[in-house]
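I have placed the structure first, in the form of structure tokens, so that the comments after it can refer back to it.
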Amino acid sequence: MSLVPVYRRRPSPLHAASAGATTALCVSLALVCALYDHPVVVAAVIVAVIGAALAAGVGSEIARAARLSVPLALLVTLINPLVYAEGNTLLIRGGSVLGHRFDITLEALAAGGLAGLRVAAFVMPFALFAACVDPDDLLRSLRRVSYRSALTAALATRLVPVLARDATRMGDAARCRPHPPGRLAVARAALSGALERAVDVAAALEVRGYSAGRRSARARRSLSRHDARVLAAAGAVALTAVFGKLAGAGSVQSYPRLEITLGPAELALSALFLVAAALPFAGRSARLGVAHA
Amino acid sequence: MPEHVVSATAFNYRYPEAQAPALRGLDLELEEGSFTVLAGSSGSGKSTLLRALCGLVPHFHGGDASGELTVGGLSVREHGPAELAAVCGTVFQDPESQVVMGGVRSELALALEHRGEPAAAVARAVEEVALAMGVAHLLDRRTETLSGGELQRVAIAAALAGRPALLLLDEPTSQLDPVAGDELIWLLRRLNEEWGTAVVLAEHRLERCLPAADRVVAIERGTVACDSSPADFLAWATAEGGALATPVARMFSLAGLGPVPATVKQARESLRATGLAAVGAPAVEALPEVGARLPWRRERRPTAALRARDLWLEIEDGPQVLAGVDLRVEPGERVALMGRNGAGKSTLLRLFKGLQEPTRGRLECAGEVALLLQNPGDYLVHDHAAEEAGEAALAAAGLAGRGEAHPRDLSGGERQRLALEVVLSGGPCAAVLLDEPTRGMDRPHKDALAQRIGELAAGGAAVIVATHDTEFAATFADRVVLMGPGTVIADGPPAEVLAGGWHFSTDVARTLGGAGGALTPEQGARLLARELVG
């Protein structure tokens, strides 16, 4: 089972909204993680994403992605105190190597923890994006910018798992040989197999009229109620994040002493993010399939 | 009078750097709305002809073309694949390589979008073709979640979305199990009848598609060797040695009966007319019970070549792949392992080889186990055939003197033989396991493989072949093990398991109603000859 979430259509407002709208919401949540390192604000984003994922029916996909992010977050947490010796509260006095002191301070450890939390939080909106946004729909909307790039991206999305399966098969075949070939030989053969498959795909594209040079105009689609709600949520999260930052809310100072302000501004920011992320799912009009026979 | 959708006059084509032409002096005319089967042995030029009809030859592959070939009034020498795409849809062998988008709906829309159709027209065409091809329920699915049969249907629907006058298919059933393959052929016949789309289908399993065909064109050495109705084609094929004839046609020919029937139904009617109706009466015989004392079984030796005891394989959060399989295979036995897709055949072979571990149960092997997986090309990783195995192995594969050839330049049959010799090159094996070795293989190559299996068994190795091909199983096996979902549901000699079967049965057995346990054309002919004399 893949640790990276894979899009499956489900009956949820995030899946029903256009790819652009849901992408905007995910990007706005990621923007919060980029702008803030305040633990309460970042934790609010994590809770907001988990809530949205549960409401959209992709909780297990997000949980798998979260498991993927934990080792990364731990790594950041542990590395930070080793490379930053700043901070007033000394925990462990280390030695000196090539003129660099390896003292571990409480502030560096806490800053590492905050950075790790931020890394974990940053993964979450992208996992929500992967689980809820139809890549074909998104690529179709990008075709107006560059058709060939969008098609290349679509092909890559389609072929990466196919090539991974090819490589696994070749690995199994190598294990079946009495004298297994070296990894380099198998890798070369896998690469040449990938090129062969690429030629087949190019032939398939040709017989579908790829080089005809004509392209369909994109269908005009009016905003659905789900588009409107998801876009409103995305706008609310992004604007709140930007104005909050400009107003100086959610500031954290790590060195020389750890100072995390927790006042009404931070609590209000966190609450606003939670409410905005819940907006697409709130109320009767967010429900799908409300008609009764 | 119907117009010609394809017209070829003295058409020649040679691939770049090839010595001999792949198509030579080809003359052919195909009417609108016809269903044509292209027959021919491997390397005869069927695929090249299809690639010429869709414009890939010469525009994509290069090479030299001469003579005239028009499709829908467009000359393939002057018009490329993109222009010809408006006239003909093309479906290749491997569905994985021709489905290019992540979602089914996008895949069906792609060809129309390339033609610049308005969005509303694209949406309508996608909806209609999905309903016509029975893939409407798949429209919102991701392509990587589809089975091989579903993927092939989506590929055909994508080729048909623009309502082409001609549909070209290159062995579209070779990657499918028999049920999905039969469904596909009848789906093609339905769209040929209802939409009037001309179909040109290249296939090796002619018994599967001749009942649906109006016409058969046999290609040999790049030119048309026979162009006639299915019945006349079979008469020609049996007279030419029978390499392209169906099993039932070969049985009739060997028994000296005529005319040669094109379908099992026609064969039964012909037998009734000859007064051999009793032979055709169904023989109701119970399948041997699993685990029962089997008098036909070889005398058991102290050490089995392979033994599985209460073998289970359960996938975490997934299905039960094997559920308590018990199987003992003696040295020298030739076993056909049969069953529908997902029954656990391939998994069982992988467990015997040690590529996977069972969840529960015991596996015993008397020595080395050689396993040839489904794609022989996966075994060939070097630049020269000689680097894959020694001279002796090359000679055994029939490739003596071709050690300098790149493995990817070998034909499918040659790759198969070389890969088999590669897995056997480690010395004597207690067991040789082959997974679906006859996919896309013509009859002469299957006969050669059956002979090699016989040699391995005579050398003391137990040979297990997982296969859907009942005709091949009847040829090589002395035991058939039939698997249901994760378990063995029948185990016995081929005459018992295959003669009384409904789906797992040969065409000869179906024609004769299982009488006398006859499975192969030779056995059926002997039975018919006895009845005629009697």
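The table that follows gives values for the structure above.
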| quantity | calculated |
| --- | --- |
| Dipole magnitude of the protein assembly as shown, debye to nearest 20 (Cβ charges: Lys/Arg +1, Asp/Glu -1, about Cα centre) | 2160 |
| Span per principal axis, largest first, for the Cα atoms of chain B (Å) | 70, 58, 52 |
| Whole-Hz ³J(HN,Hα) from phi, Karplus 6.51 cos²θ - 1.76 cosθ + 1.60, for region B:64-72, glycine and proline x | 10, 10, 9, x, 10, 9, 10, 10, x |
| Gaussian network model of chain A, Cα within-10 Å springs - most flexible of A:A66, A:A167, A:A228 | A:A167 |
| Other-chain or far-sequence residues with amide H under 5 Å of B:M483's (modelled H) | B:M338, B:G339, B:I489 |
| Within chain A, helix-based [θ] at 222 nm, where runs of 4 or more DSSP H residues each add -39,500 (n - 2.57), nearest 500 | -22500 deg cm²/dmol |
| Rounded to the nearest 20 debye, dipole of chain A from Cβ charges on Lys, Arg, Asp, Glu | 1280 |
| Long-range HN-HN contacts of B:G67 with modeled amide H, under 5 Å | B:N12 |
| Selected from A:A56, A:H15, A:L109, residue furthest toward positive end of dipole (chain A; charges at beta carbon) | A:H15 |
| Region B:306-529 - percent relative contact order, Cα under 8 Å, separation 6 or more | 24 |
| Distance (nanometres) between label positions extended 7 Å along Cα→Cβ at B:Q320 and B:R163 | 5.1 |
| Cut-off 20 Å, label 7 Å out along Cα→Cβ of B:H406, residues of region A:167-186 by amide N | A:167, A:170, A:182, A:184-186 |
| Zone residues, region A:93-136, relative to A:R257, backbone N less than 18 Å from point 7 Å out along Cα-to-Cβ | A:105-111 |
| Radius of gyration and maximum dimension Dmax of region B:306-529, Cα, Å | 18.0, 56 |
| Label zone at B:E240 (point 7 Å along Cα-to-Cβ), backbone N below 18 Å, region B:186-203 | B:201-203 |
| Chain B: calculated mean residue ellipticity at 222 nm from DSSP helix runs of at least 4, using -39500 (n - 2.57) | -10000 deg cm²/dmol |
| Aspartates and glutamates whose Cα lies under 12 Å from that of B:K345, excluding same-chain neighbours fewer than 8 positions away | B:D435, B:E436 |
| Nitroxide proxy distance, nm - points 7 Å out along Cα→Cβ at B:T274 and A:I92 | 9.0 |
| Antiparallel %, DSSP beta bridges [both residues in the protein assembly as shown], to 5 | 55 |
| Gaussian network model of chain A, springs between alpha carbon atoms under 10 Å - residue of A:G51, A:G87, A:G20 with greatest fluctuation | A:G87 |
| For the protein assembly as shown: span of alpha carbons on each principal axis (Å, largest first) | 106, 72, 62 |
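We did not get these values from a lab; they are worked out from the coordinates using the rules stated. Note that the coordinates shown come from a computational prediction; the quantities given were computed from them, not determined experimentally. Methodologically, a virtual Cβ is constructed for each residue, glycine included, from the backbone with ideal geometry; neighbour enumeration extends over all protein chains shown.
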